[in-house]
Amino acid sequence: MLRSFLIYLSKAQWAQKMVTGWSFAWKAASRFVAGEKTEDAIRAIRELNAKGINATLDHLGEHTSTMEEAAQSTSEILAILDEIDRAEVRANVSIKLTQIGMGLDESVCRENLGRILQRAKEHRNFVRVDIEDTPYTDTTIAIYKAMLERGFTNRHFGMAVQSYLFRAEADTKLLLENKTTIRLVKGAYKEPPDKAFPKKADVDANYDLLTKLMMDASLAGRSNLSEDGRIPPIPAIATHDEKRIEFAVSYANKVGLPKDGLEFQMLYGIRRDLQEKLVKEGYPVRVYVPFGTHWYPYFMRRLAERPANIWFFISNFFRG
Ligand SMILES: Cc1cc2nc3c(=O)[nH]c(=O)nc-3n(C[C@H](O)[C@H](O)[C@H](O)COP(=O)(O)OP(=O)(O)OC[C@H]3O[C@@H](n4cnc5c(N)ncnc54)[C@H](O)[C@@H]3O)c2cc1C
């Protein structure tokens, strides 16, 4: 109930206007968001890199409502790829397709993504396409296929799959046929029961099943993390759920997948203890580092994932 309400709020313009007007809201959001400027994000990445953690940088933004905004977002992403190269940090980039026009015109989005992937290729860097809610899944897959046709490969970009979706297994198999790297997540949106498993136990079981598929593909394709920490192996196990992580570790051991044949991913500000523990055990870990002024929907999804975060939000109000 509460989760659904918070996800509804994450898309409500009136709520965005109200919440972003409260100064204590930004204080609470800054637990999950590295800052508003590029230099804040690069600083956060350097701190992670010093701990042996790689990063993926997300310039927050989604659902742009005009072509101009989509073009502006594309230019900002190109600038970030340049900045990562200049700063020589161990980071790649994550983007949302609705940020660069998917909700406005598919062909414009394709052109914008093509420019971004071309720049990533020039910098020998990598772009991860985040996965959004189901009204966009088919178009996301169509755009993915168009990028393969243009010659972009798993050295330039990767996709994400949500284990809560019934279609996740079929999508994973399709992506693996092309050796595409996959970030496996549970899914952060509100989906109807004809599209997604309503029960958490089923979402988790599907997560483990897809982990196996990705790891088998990684073993067969000898996919490893690149030395500069930018180009990931096929499986990215993106979760803070210790049981899913334990399953991944034990399956990798069982099939003999080397530690750099997978990576774990977590969100900035969540389970830092677990991130550092996995690094100490010798696993590649990548943290998703969001930054920018469009933090509202991202922050609301983080509240929805863990209702206890609401108390943390409220406590910021009392701290003033
Ligand atoms: C690197 C990364 C990229 C992602 N990209 C996408 C994407 O492209 N599309 C998409 O739909 N979703 C994405 N997500 C979000 C994902 O779908 C889940 O909503 C989110 O990761 C929470 O699920 P969980 O796997 O951690 O498991 P859960 O079962 O939800 O949580 C397990 C435990 O993790 C901790 N935890 C989880 N969330 C929080 C939180 N917000 N605050 C504090 N503690 C928390 C709690 O201790 C909780 O008990 C991404 C997640 C990660 C880690």
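The values are calculated or read from the model by the stated rules, or taken from the named source; none is laboratory data. On a predicted model such as this, the values are computed, not experimentally measured, just so you know. As a convention, Cβ positions derive from the backbone with ideal geometry for all residues, glycine included, and neighbour counts pool all protein chains shown.
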Item to complete: Collect the residues in region 28-54 that are assigned to a helix (DSSP H, G or I), within 16 Å of the ligand (Cβ to nearest atom) and either closer than 26 Å to ARG86 by Cβ or at pLDDT below 90 (or both), keeping them in residue-number order.
Response: ALA28, ALA41, ALA44, ILE45, LEU48
Fill in: Residue list for region 294-320, filter: closer than 23 Å to ILE131 by Cβ, hydroxyl-bearing (Ser, Thr, Tyr) and either exposed (fewer than 14 other Cβ atoms within 10 Å of the Cβ) or within 14 Å of the ligand (Cβ to nearest atom) (or both)
TYR298
Worksheet item: List the pairs whose first member sits in region 207-228 and is crowded, with 16+ Cβ neighbours inside 10 Å, whose second member is modelled with pLDDT of 95 or more and among the β-branched types (Val, Ile, Thr), and whose Cβ atoms are under 6 Å apart, counting only residues at least 6 apart or on separate chains?
Response: LEU210/THR172; LEU213/THR172; MET214/ILE182; MET214/ILE234; ALA217/ILE234; SER218/ILE234; LEU219/VAL255; SER223/ILE234
Discussion item. Just to be sure I understand, how many residues within region 177-206 are loosely packed, with under 13 Cβ neighbours inside 10 Å and within 12 Å of the ligand (Cβ to nearest atom)?
Written reply: 2
Item to complete: Examine region 124-145 for a residue that is of a type in the set (Lys, Arg) and at pLDDT below 95, and state whether such a residue exists.
Response: no
Response to the item:
Counted residues in region 134-165 being within 15 Å of the ligand (Cβ to nearest atom) and in contact with a strand residue (DSSP E or B) (Cβ under 9 Å, 6 or more places away or on another chain) come to 15
Worksheet item: In region 55-71, what residues are farther than 21 Å from PHE157 by Cα and assigned to a helix (DSSP H, G or I)?
Response: MET67, GLU68, GLU69
Worksheet entry | Conditions (1) of a type in the set (Lys, Arg); (2) without any contact (Cβ under 8 Å) to a residue 40 or more places away in the chain; (3) within 28 Å of GLU177 (Cβ to Cβ); number of the one not met by ARG244 | (2)
Practice prompt. Mind listing whichever residues of region 223-271 are touching a helix residue (DSSP H, G or I) at 6+ places or on another chain (Cβ under 6 Å), more than 25 Å from GLY35 (Cα to Cα) and within 11 Å of the ligand (Cβ to nearest atom)?
Written response: ILE237, ARG244
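Matching residues to (1) assigned to a helix (DSSP H, G or I); (2) in contact (Cβ under 8 Å) with a residue 24 or more places away in the chain; (3) not polar (S, T, N, Q):
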{"position": "ASP204", "(1), (2), (3)": "yes, yes, yes"}
{"position": "SER250", "(1), (2), (3)": "yes, no, no"}
{"position": "ASP273", "(1), (2), (3)": "yes, no, yes"}
{"position": "VAL287", "(1), (2), (3)": "no, yes, yes"}
{"position": "PHE299", "(1), (2), (3)": "yes, yes, yes"}
Practice prompt. Answer yes if at least one residue in region 111-128 is within 16 Å of the ligand (Cβ to nearest atom), under 23 Å from ASP171 (Cα atoms) and not aliphatic (A, V, I, L, M), and no otherwise.
Written response: yes
Discussion item. Kindly evaluate ARG86 against the criterion of being touching a Leu at 6+ places or on another chain (Cβ under 9 Å) and not β-branched (Val, Ile, Thr).
Written reply: no
Practice prompt. Kindly list, by first and then second residue, each pair from a residue in region 30-55 that is touching a residue at least 40 places away in the same chain (Cβ under 8 Å) to a residue that is hydroxyl-bearing (Ser, Thr, Tyr) and within 16 Å of the ligand (Cβ to nearest atom), limited to pairs with Cβ atoms under 8 Å and residues at least 6 apart or on different chains.
Written response: PHE32/TYR268; PHE32/TYR298; VAL33/TYR268; VAL33/TYR298; ALA34/TYR268; ALA44/TYR268; ALA55/TYR288
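Condition check ((1) within 20 Å of SER75 (Cα to Cα); (2) in contact with a helix residue (DSSP H, G or I) (Cβ under 9 Å, 6 or more places away or on another chain); (3) in contact (Cβ under 8 Å) with a residue 40 or more places away in the chain) across all residues:
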site	(1), (2), (3)
ILE116	yes, yes, yes
HIS123	yes, yes, yes
TYR136	no, yes, no
ILE141	no, yes, no
MET159	no, yes, no
GLU169	no, yes, yes
ILE182	no, yes, yes
LYS186	no, yes, yes
Practice prompt. May I ask you to list the residues in region 15-27 that are over 30 Å from VAL279 (Cβ atoms) and either charged (D, E, K, R) or within 16 Å of the ligand (Cβ to nearest atom) (or both)?
Written response: LYS17, ALA25
